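For reference, the structure discussed in these notes is given below.
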Amino acid sequence: MTPNELKKALSTGLLSFPLTDFDKELRFDPKGYADRLEWLQPYGATVLFAAGGTGEFFSLEPQEYAQVIKVAAETCKGRTPIVGGAGGGTTLAIKYAQEAERNGAQGVLLLPHYLTEATQEGLVQHVEAVCKSVKIGVIVYNRGATKLTAESLLKLAERCPNLIGFKDGTGDIERMVSIRQKLGDRFAMIGGMPTHEVYAHAYKALGVPTYSSAIFNFVPRTAMEFYNAYWAGDTATTGRLIDEFFLPYLAIRAKGEGYAVSIVKAGATIVGKSAGPVRPPLSDLKPQEVEELAALIRKLGAQ
């Protein structure tokens with residue numbers, strides 16, 4: 001798949017990022033992961049991000065990472081494009097990107113680098129170096145310490161033909177308007193806010209029509225129902241789902257730091273598709289919170 005073909009795939013349909021399966025000893029479980037991908041295949045996500053943020057990328061060591069990407073690419077080959085997460089300092093991010101390419105991924109999602117803030121010049125050098133280290137398409141994730149401006153993205157667009165996507169997880173409307181106005185259709189614009197469904201209509205108005213869904217991991221039918229209604233302009237259905245599911249879900253998610261990942265793993269366990277516990281420093285939901293989530297899923301009637 002060429003970078004431009006990946007860009008087209010990212011521009012339509014629902015995107016998602018599978019959980020990474022761990023056993024009780026917190027070791028990567030390749031069979032469980034392959035089974036998870038097979039389970040999700042029929043629901044029709046357009047692109048899957050393997051070892052992304054919800055896939056606990058930052059908890060994976062390099063050999064595990066290569067395994068995760070290889071299993072994802074082999075399982076989904078010829079059906080769904082796989083984009084591998086990459087992050088950390090520039091040298092390390094390059095190694096992850098090259099491992100993703102070597103193990104069959106069709107693209108790279110460049111996650112935030114690390115704790116320290118960086119200048120725009122430094123961010124441009126970082127993204128450019130990663131892009132030039134591979135031939136596959138690259139999507140940059142604007143979140144955390146990585147907050148690129150429209151001017152920086154214009155420079156990168158000129159220097160890096162394989163930089164084909166921009167995913168936003170900041171919610172900065174002014175920045176998004178500036179980027180959309182100045183970059184036009186140069187990048188596939190992707191919504192990447194936690195539980196993006198509640199932001200979807202607002203982002204669509206900004207010119208960001210596609211997004212990645214976390215709940216696709218445990219209630220894929222509901223994720224697709226919401227996306228199809230959103231795309232068709234069926235605000236009655238999206239409004240009902242926001243009231244009945246998403247707002248109560250957000251209330252549970254807000255009870256703990258890092259729960260944007262933990263609640264997804266809890267949901268998968270509740271519907272009989274456990275991916276095991278999260279790795280420290282993340283924490284699993286408390287028993288009472290799991291019960292609240294289970295009751296919400298039962299009320300929704302979707303598994």
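Let's see how each residue does on (1) crowded, with 23+ Cβ neighbours inside 10 Å; (2) more than 20 Å from the chain's Cα centre (by Cα):
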{"position": "Ser133", "(1), (2)": "no, yes"}
{"position": "Lys155", "(1), (2)": "no, yes"}
{"position": "Arg159", "(1), (2)": "no, yes"}
{"position": "Gly165", "(1), (2)": "yes, no"}
{"position": "Gly169", "(1), (2)": "no, no"}
{"position": "Arg175", "(1), (2)": "no, yes"}
{"position": "Asp185", "(1), (2)": "no, yes"}
{"position": "Pro194", "(1), (2)": "no, no"}
{"position": "Arg221", "(1), (2)": "no, no"}
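Pairs only if they're at least six apart or on different chains, beta carbon under 9 angstrom, first in region 275-302 and closer than 12 Å to Val219 by Cα and at pLDDT 95 or above, second open to solvent by 50 Å² or more (accessible area, probe 1.4 Å) and not in a helix (DSSP H, G or I); list them, first residue then second.
Cβ pairs passing all conditions: Ile297/Gln303.
Tell me, yes or no, whether region 226-244 has at least one residue that is within 18 Å of Gly52 (Cα to Cα) and in contact with a helix residue (DSSP H, G or I) (Cβ under 8 Å, 6 or more places away or on another chain).
Taking every residue of region 226-244 in turn, none turns out to be within 18 Å of Gly52 (Cα to Cα) and in contact with a helix residue (DSSP H, G or I) (Cβ under 8 Å, 6 or more places away or on another chain).
Sort out which residues of region 1-49 are open to solvent by less than 40 Å² (accessible area, probe 1.4 Å), farther than 22 Å from Ala229 by Cβ, in a helix (DSSP H, G or I) and in contact with a Gly (Cβ under 7 Å, 6 or more places away or on another chain), and write them in order of number.
Of everything in region 1-49, those that are open to solvent by less than 40 Å² (accessible area, probe 1.4 Å), farther than 22 Å from Ala229 by Cβ, in a helix (DSSP H, G or I) and in contact with a Gly (Cβ under 7 Å, 6 or more places away or on another chain) turn out to be Pro3, Leu6.
Output the residue which, of all residues in region 103-116 that are surrounded by fewer than 23 Cβ atoms within 10 Å (Cβ to Cβ) and touching a Lys or Arg at 6+ places or on another chain (Cβ under 9 Å), is nearest to Ala73 (Cα to Cα).
Gly104
If you check Val140 against the conditions, is it open to solvent by less than 20 Å² (accessible area, probe 1.4 Å) and within 21 Å of Leu48 (Cα to Cα)?
In short, yes.
The values are calculated or read from the model by the stated rules, or taken from the named source; none is laboratory data. This structure is a prediction, so every number in the text was calculated from the model and none was measured. Backbone-built Cβ (ideal geometry, glycine too); neighbour counts: all protein chains shown. Only protein heavy atoms, including side chains, enter the accessible area calculation; ligands, DNA and RNA are left aside. Shrake-Rupley method; radii C 1.70, N 1.55, O 1.52, S 1.80 Å.
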